[in-house]
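Asker: First the structure, then my questions, so here it is.
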Amino acid sequence: MRAIRVHEFGGPDVLRLEEVPDLKPAAGQLVIRIRAVGVNPADTYMRTGTYTRKPALPYTPGTDAGGTVESVGSGVTRFKAGDRVYLAGSVTGTYAEQALCEEHAVFPLPANASFAQGAAMHVPYGTAYRALFQRAQARGGETVLIHGASGGVGIAAVQLARAAGLRVIGTAGSDRGKQLVSAEGAHHVLDHKSASHFDEALSLTAGRGYDVIIEMLSNVNLGRDLTILAPRGRVVVVGSRGTVEIDARNTMTRDAAILGMSLWNATPADLIVIHSALVAGLENGTLRPVIGQEIPLSEAPRAHKAVMEPGAYGKIVLIP
């Protein structure tokens, strides 16, 4: 089979397509024929060797994919050959034509969802669900501000928040992105390139502020986020690309909380809750991953450049 292999940490050019042996499942494992691969910013951080999770070289990147079960090992009871599935991690990496997985990391992909949409589930939708409901404890009737709402995690957060009965305000940096956020259910959409968008965001709450803010770029926004929180408001830090200085008084006066999160910290019990909800959302159409680009597996370096560019629009997937 063909797989992307990384033999040294570095730029996108270290992603190389190679021939590797086909996979065979051991007890409790499945081999998945990959039809689409999710590309996440975390994949690029790991590739550079600077991320908190540093894989042993050489390795095949990727945690997310949609595909079909090719073979199962002894003891596997939930799936059989031919089943449509999506992955929440793998033993061997997903930037490949096959992936070896433990049974607990495999979830059913409903017939109404494409393989590309399955590849968009684990990191984007898992992150959004964990941020909103396991960290922020968001509840129906609250108001949430979602920064960078046109990207993979942002769109997931918009759909999940709307389904849970929250009032949703999203931001995006392009007309195309703003149209997408509105189409996916946000009550209001702001241009985060505008210097006044924090003032506009606050005015949409009549000055009360936000119960929850989902922050994708905290090194840029966190200080100002704290000034537009409601009493007992929560900011969940989903992403950051540097340090930030804040005025802690803005947390004191509001009894506010800054909550860090990483999907990698989710316990097995957390993941059962997350993916039970996500599969149900796919089945009933509440969750509708938006695919922005489909790129051939052989062009993985281009996908790694694209996922870090501004103006996010949906999910980038690789097609083996």
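Asker: Can you give me the relative contact order of the chain as a percent, contacts being Cα pairs under 8 Å and 6 or more apart?
Answerer: That works out to 19 percent.
Asker: Let me ask another. Roughly what % antiparallel, to the nearest 5, for the DSSP beta bridges in the chain?
Answerer: Of all bridge pairs located within the chain, approximately 50 percent are antiparallel.
Asker: Apply the Karplus parameterisation 6.51 cos²θ - 1.76 cosθ + 1.60, with θ equal to phi minus 60°, to every residue of segment 248-260 and state each ³J(HN,Hα) to the nearest whole Hz, in sequence, with x for glycine and proline.
Answerer: The phi angles translate into 5, 4, 5, 7, 5, 5, 10, 6, 8, 10, 9, 10, x Hz.
Asker: Using the Cα gyration tensor of segment 124-264, with a ≥ b ≥ c the square roots of its eigenvalues, what is the shape: rounded (a/c below 1.5), prolate (a/b larger than b/c) or oblate (neither)?
Answerer: It comes out rounded by the Cα gyration axes.
Asker: Which residues' amide hydrogens lie under 5 Å from the amide hydrogen of L287, considering only partners 5 or more residues apart or on another chain, with H built in the peptide plane?
Answerer: Amide H neighbours of L287, under 5 Å, 5+ apart: L282.
Asker: Among [x] 1.10; [y] 0.98; [z] 0.95, which is the computed Rg/Rh (Cα atoms, Kirkwood Rh)?
Answerer: Matching the structure shown: [y].
Asker: Which FRET efficiency, nearest 0.05, do E299 and A26 yield, Cβ-Cβ r, R0 51 Å?
Answerer: The value I calculate is 0.95.
Asker: Name the lysines eligible as straight-distance cross-link partners of K80: C-alpha to C-alpha under 20 Å, and not fewer than 8 places from it in the same chain.
Answerer: Partners within reach: K24.
Asker: Normalised by the number of residues in segment 124-264, what is the relative contact order in percent for Cα pairs under 8 Å and 6+ residues apart?
Answerer: After rounding, I find 22 percent.
Asker: Mind checking the full-extension length gain between M252 and V273? Use 0.36 nm per residue of separation minus the Cα-Cα distance, one decimal, nm.
Answerer: Extending this stretch completely gives an extra 4.3 nm.
Asker: E142's amide H: which non-local residues (gap 5+, or another chain) put their own amide H closer than 5 Å, with H modeled 1.01 Å from N in plane and none for Pro or chain starts?
Answerer: Long-range HN contacts for E142: R167.
Asker: Then there's this: When the chain is fully extended, how far beyond the present Cα-Cα distance does A306 get from H197, taking 0.36 nm per residue of separation?
Answerer: Residue separation times 0.36 nm, minus the Cα-Cα distance, leaves 36.7 nm.
Asker: Please list, in order, the residues from segment 51-92 whose amide nitrogen is less than 19 Å from a point placed 7 Å along the Cα→Cβ vector of N265.
Answerer: Counting only backbone N, you get 51-54.
Asker: Using Cα positions and a limit of under 27 Å, work out the lysines in reach of K305, with same-chain residues fewer than 8 apart set aside.
Answerer: Cross-link targets: K54, K178, K193, K315.
Asker: Report the gain in length on full extension from S114 to R53: 0.36 nm times residue separation, minus Cα-Cα distance, nm rounded to one decimal.
Answerer: Going from the current span to full extension adds 19.0 nm.
Asker: Here is a further query. Under 10 Å, Cα contacts only: if you run a Gaussian network model on the chain, which one of V168, V290, V14 comes out with the highest mean-square fluctuation?
Answerer: V14
Values in this text are rule-based calculations from the coordinates and carry no lab data. Computed from a prediction, not measured in an experiment: that's the story for all the values here. Note: ideal-geometry Cβ built from the backbone for every residue, glycine included; neighbour counts use all protein chains shown.
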